[in-house]
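*Asks:* Input: one structure, supplied below.
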Amino acid sequence: MLLFLLLATAFISRGSLLRHVADKRIARLEQRYGLDISYNQLRMKGLNTISVSGLNVVPEERDTLLALQSLNVRINLWKLLWGDINIKDVRMDGLSLNFIKQGPVANYDFLFLPHSESEKSTPTSKSNADYTRRINTTLNLLFGLLPGNGELTHLTITERKDSNFVSFRIPRFLIDHYCFHSQIAVQEDSLNQNWNTEGEFNPSERHLRAILYAPQLTVPYINRRFGAEVQFDSLTCSFSQKKLEGRVTCLVGQSEVRGLNIYHKRLSPEIINLDQGQLDFHINVSPQAVELDSASLVRFNALTFHPYLKAERAGNTASRKEWHFTASVRKPWFPSEELFGSLPKGLFENLEGLSTTGQLAYHFLLDVDFSRLDSLKFESELKEKDFRILHYGKTDLSKMSGEFTYTAYENGQPVYTFPVGSSWEYFTPLDSISPLLQMSVMQSEDGAFFYHQGFLPDAMREALIHDLEVRKFARGGSTISMQLVKNVFLNRSKNIARKLEEALIVWLIETEHLTPKARMYEVYLNIAEWGPMVYGIREAADFYFKKRPSQLSIEESIFLASIVPKPKHFKNSFTADGRLQESQEGYFRLIAERLVKKGVITEEQAAQVNINNLVLKGVAKASFVSEDF
């Protein structure tokens, strides 16, 4: 009898108990984050349905963040008693979420505040992150809050920053037996779109599948935030959560995009088009690492490969843990046309239409431990077997073998066009260029030019270590072959696509011997920039010394080699009266020693090298006294 009375009392007062618990929680949130949270009505319907109406969340002295007309949530009471949130049915109407920022003030600032004073004074909270716990907590909330049935009507989400805004309006989002579908009206400033979404989920099996599609769906906010444009026809993602041995969670699934178009000036000057891209992923999440297992499969157009990625927080102390990244790809022998026929349109302009036959194999490894950058590993090798180019397509990659027209660029604009061959009066054959100059430039820029296949992995590794240390792209590790391809085949705009295209063209020219090495070096010396609007060794020898390229001395040759990396700043090597800076002496000694080892000069000649022997003549000398220069 007593038990019955207790249960009856609890049932009768369940609404009061709910409001009491909610009001205490609301009071804590209001005090902690400076919010004003109010509601018109909060009550229980039956044993397991919570009903709320007129809910508003307003940050202090900010615009309203959330407004809700009505919400009815039916929960699994038995699971709730055991601390497991499980929503069985949701009916929601008139939800409005508004993220507004005016200048430096936003109505969502409080979301980024620390949860407690202890968090403010704990510098190790990030380094001690448990990624397994985080992903499990997130997925528990996701699968717990997704109802098996529900209907959301008049849902609006708006992001506004100053005069720009993005709004998502969902007239009706329907969930029926764990399957959902909806239409979404999207407006970004003056752009209007209509999206469609549908999918299904299974909380007991921890599975979710969703698809978003529309004719040429444009991703909002990306342009405003990153200056990029991203469009696609459809995006599909599905995954299942699996728990492995120990404290490891695995996400197994697939994501696929169709009709993808991407534009960003740092990627490519043209729109990049990918007809179809797919990732079958196996992601392992451990307490200190996230890993894309090599069982994962990437497919874009006709090409497939298995990538491996791992990001791990590691270190010797709890207070400071550095990232350790590992990436690798091993692609065994495959038809070459799978690669060259799959290159996205707009990404590799010079390779469009290229047709090949034969087999390729590729190996890549990058291992970066930020606590020990000197231990960095970098390997990249593309092998060929019975490989041949059947058709060049848009660009003749063998054009350097004969006379061709070269255009020099300044800031992406053409400034000087001339033929590279005997029809140009300033063209100088390789055998008419001083061996001193030839070897000085080679020892300065790429001493192994005649022996490598276009790439020096060790030089790239050293350049990458230096760039990571200074946290900017300061060195490139480029060979003469790479510099030559960049200047002859590619425009001067710096972007990721250009570097990838540069690497492929270098590989094709070097592997297929499309242009002999001697001719490549001859072209290089005849198109290299040696000063402001000074192109080719013939103009350079005349500009600085009033000489022919065959007449250059040791000091003159070493000096010309020294300015190849920064030809427009040659005057920095001199004092105000046109004498070479003393700081150049070490470089002159270094190159002279290398010339001795190559047998170009004797030790006695190297000992006599003196920067004071360098005397400018002609236009270069006049530039130190003429403002007109």
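Any read-out appearing in this document is the output of simple, stated calculations on the displayed coordinates, not a laboratory observation. Everything numeric here is computed off the predicted structure, so don't read it as measured data. Note that each Cβ is placed from the backbone with ideal geometry, even for glycine, and that neighbours are counted across all protein chains shown.
*Asks:* How long are the three semi-axes of the equivalent ellipsoid for the range 276-390, computed from the Cα gyration tensor as the root of 5 times each eigenvalue, in whole Å, largest first?
*Replies:* Over the Cα atoms of the range 276-390, the semi-axes work out to 34, 16, 12 Å.
*Asks:* Once you order the gyration tensor axes a ≥ b ≥ c over the Cα atoms, which shape class does the range 144-278 get: rounded for a/c under 1.5, otherwise prolate or oblate by comparing a/b with b/c?
*Replies:* Oblate, since a/c reaches 1.5 and b/c is not below a/b.
*Asks:* Rounded if a/c is under 1.5, else prolate if a/b beats b/c, else oblate: with a ≥ b ≥ c from the C-alpha gyration tensor eigenvalues square-rooted, which is the range 131-208?
*Replies:* oblate
*Asks:* Would you order W323, W424, W530 from fewest to most other beta-carbon atoms within 10 Å of each residue's own beta-carbon?
*Replies:* Fewest-to-most Cβ neighbours within 10 Å comes out as W323, W424, W530.
*Asks:* How much FRET efficiency would the formula 1/(1 + (r/R0)^6) give for L174 and Y362, where r is the Cβ-Cβ distance and R0 is 56 Å, rounded to 0.05?
*Replies:* Details: r = 47 Å, r/R0 = 0.84.
The value I calculate is 0.75.
*Asks:* Multiply the residue gap between R258 and E352 by 0.36 nm, knock off their C-alpha separation, and tell me the result in nm, one decimal place.
*Replies:* Here the answer is 31.8 nm.
*Asks:* Let me ask you something else. In whole Å, what is the distance between the alpha-carbon centres of the range 133-178 and the range 373-388?
*Replies:* With the range 133-178 and the range 373-388 each reduced to a Cα centre, they are spaced 45 Å.
*Asks:* Still on this structure: Measure off 7 Å from each Cα along the Cα-to-Cβ vector at N48 and R388, then give the distance between these two points in nanometres to one decimal.
*Replies:* Roughly 7.3 nm, to one decimal.
*Asks:* Would you calculate, for the chain, the mean residue ellipticity at 222 nm contributed by helices, counting each DSSP H stretch of 4 or more residues as -39,500 (n - 2.57) and dividing by all residues, to the nearest 500? Working shown, then result.
*Replies:* Working: 17 runs with 168 residues, N = 629.
One gets -8000 deg cm²/dmol as the mean residue ellipticity at 222 nm.
*Asks:* Now for a separate question. Post the alpha-carbon centroid distance, the range 232-298 to the range 565-616, in whole angstrom.
*Replies:* The two parts, judged by their Cα centres, are 53 Å apart.
*Asks:* Further, regarding this structure: With labels modelled as points extended 7 Å from the Cα through the Cβ direction, what inter-label distance (nm, one decimal) is found for A295 paired with K243?
*Replies:* Roughly 1.8 nm, to one decimal.
*Asks:* On full extension of the chain, what length is gained from M533 through A67, given 0.36 nm per residue of separation minus the C-alpha to C-alpha distance?
*Replies:* 161.3 nm
*Asks:* If you don't mind, another one. Please identify the GluC sites (Glu not before Pro) of the range 226-315 that satisfy two criteria: DSSP loop assignment and at most 16 other Cβ atoms within 10 Å. Which are they?
*Replies:* Within the range 226-315, the qualifying GluC sites (Glu not before Pro) (loop, at most 16 other Cβ atoms within 10 Å) are E245.
*Asks:* Here is a further query. List the residues, sorted by chain then number, that are 5 or more residues from I100 or on another chain and whose placed amide H is less than 5 Å from its amide H.
*Replies:* The answer is N107, Y108, R160.
*Asks:* Would you compute, for the Cα atoms of the chain, the largest minus smallest coordinate along each principal axis and list the three values in descending order, in whole Å?
*Replies:* That works out to 115, 55, 51 Å along the principal axes.
*Asks:* Neighbouring Cβ atoms within 10 Å as the yardstick, rank Y451, Y308 fewest first.
*Replies:* Y451, Y308
*Asks:* Using a/c under 1.5 as the rounded threshold, could you call the range 399-622 rounded, prolate or oblate? The axes a ≥ b ≥ c are square roots of the C-alpha gyration tensor eigenvalues, and prolate needs a/b larger than b/c, oblate otherwise.
*Replies:* rounded
*Asks:* I've got another one for you. Which whole-number percent is the relative contact order of the range 276-390 (Cα, under 8 Å, 6+ apart)?
*Replies:* Numbers: 253 pairs, mean separation 22.2, N = 115.
Relative contact order of the range 276-390: 19 percent.
*Asks:* Among the lysines, which fall within straight-line cross-link reach of K331, defined as a Cα-Cα distance under 20 Å, with same-chain neighbours fewer than 8 residues apart omitted?
*Replies:* Within the straight-line limit of under 20 Å, K331 reaches these lysines: K310, K377, K383, K385.
*Asks:* Find the relative contact order for the chain and round it to a whole percent, using C-alpha pairs within less than 8 Å whose residues are 6+ positions apart.
*Replies:* 6 percent
*Asks:* Another question about this same structure. At a threshold of 8 angstrom on Cα-Cα distance, excluding pairs fewer than six apart, so keeping six or more, what relative contact order does the range 399-622 reach in percent?
*Replies:* 23 percent
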